[in-house]
Structures are given as C-alpha cells and as structure tokens.
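The values are calculated or read from the model by the stated rules, or taken from the named source; none is laboratory data. Values in this document were obtained by computation on a predicted structure and should not be read as measured data. Methodologically, a virtual Cβ is constructed for each residue, glycine included, from the backbone with ideal geometry; neighbour enumeration extends over all protein chains shown.
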Amino acid sequence: MASFSPLDDPVNASFAWARYRLLMKWMGAFAGLVVLAVLVLLYFWYGFVSIHLYIATALGVGLTIMLMAALMGLVFLSSGTGHDESIEDPFEDMR
C-alpha cells in the first residue's frame, strides 16, 4: 500500500495546483509570443504561401510548447510536493 502523499492534503494540493496553473498561464503567453515570432519570420522568408501553412505552423509550434510545459509542470509538481517520495518501492530491498 502506498504511503501518505503530500498531495492528499487539500491545502498542499491547492497550493501546488495553483502554482501549476500559474506556470501554464505564463507558458501560454510565452507560446503565443513564439508563435507570433515564427509566423512573422515565415512571412518575411516566404511571403504569403497559404493560410493553411500558417494555421498548421501556429498549431504545431503552439501545441508543442504547451505539451512540453504541461508535462514538465507535472514533473515539477510531483517532485516539488514530495509526491514522488511517497511511493512504495518494491525493489528497495534488492539494492
């Protein structure tokens, strides 16, 4: 059975998730700036090619940055709250 996780405490969990949401808001703003910069550079290099190229580029760059931010944010949330240390390691006695 897994031991007590700090994320089981509602106060710790609300603080951790508030930090995660703040991180995601900042990364959303950053992703928007990067998408804008990429689209401007794309226009200066190639001109207006197709609206589909710009839509696909914006979605690809923006969603890639947001996916990276979401996954890394969850890693930071798990590690920063001590949730990683609360697991039961079945291989602990084998070391």
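A few points about this structure:
- Here is the figure for the range 14-35: residues that are more than 19 Å from LEU67 (Cβ to Cβ) and among the aliphatic types (A, V, I, L, M) total 2.
- Candidate set from the range 48-79 (those that are assigned to a helix (DSSP H, G or I) and aromatic (Phe, Trp, Tyr)); member that is surrounded by the most Cβ atoms within 10 Å (Cβ to Cβ): TYR54
- Criterion applied to PRO90, PRO6 was being on the phi < 0 side of the Ramachandran plot and in contact with a helix residue (DSSP H, G or I) (Cβ under 6 Å, 6 or more places away or on another chain), and the one residue passing it is PRO6.
- One residue stands out among those in the range 80-92 that are part of a helix (DSSP H, G or I) and more than 20 Å from the chain's Cα centre (by Cα): the one that is surrounded by the most Cβ atoms within 10 Å (Cβ to Cβ), which is SER86.
- In summary, VAL11 fulfils each of the numbered conditions (1) among the β-branched types (Val, Ile, Thr); (2) farther than 25 Å from GLU88 by Cβ; (3) at pLDDT below 95 with the single exception of condition (2).
- Residues being closer than 13 Å to SER78 by Cα and surrounded by 15 or more Cβ atoms within 10 Å (Cβ to Cβ) - total across the range 16-30: 3
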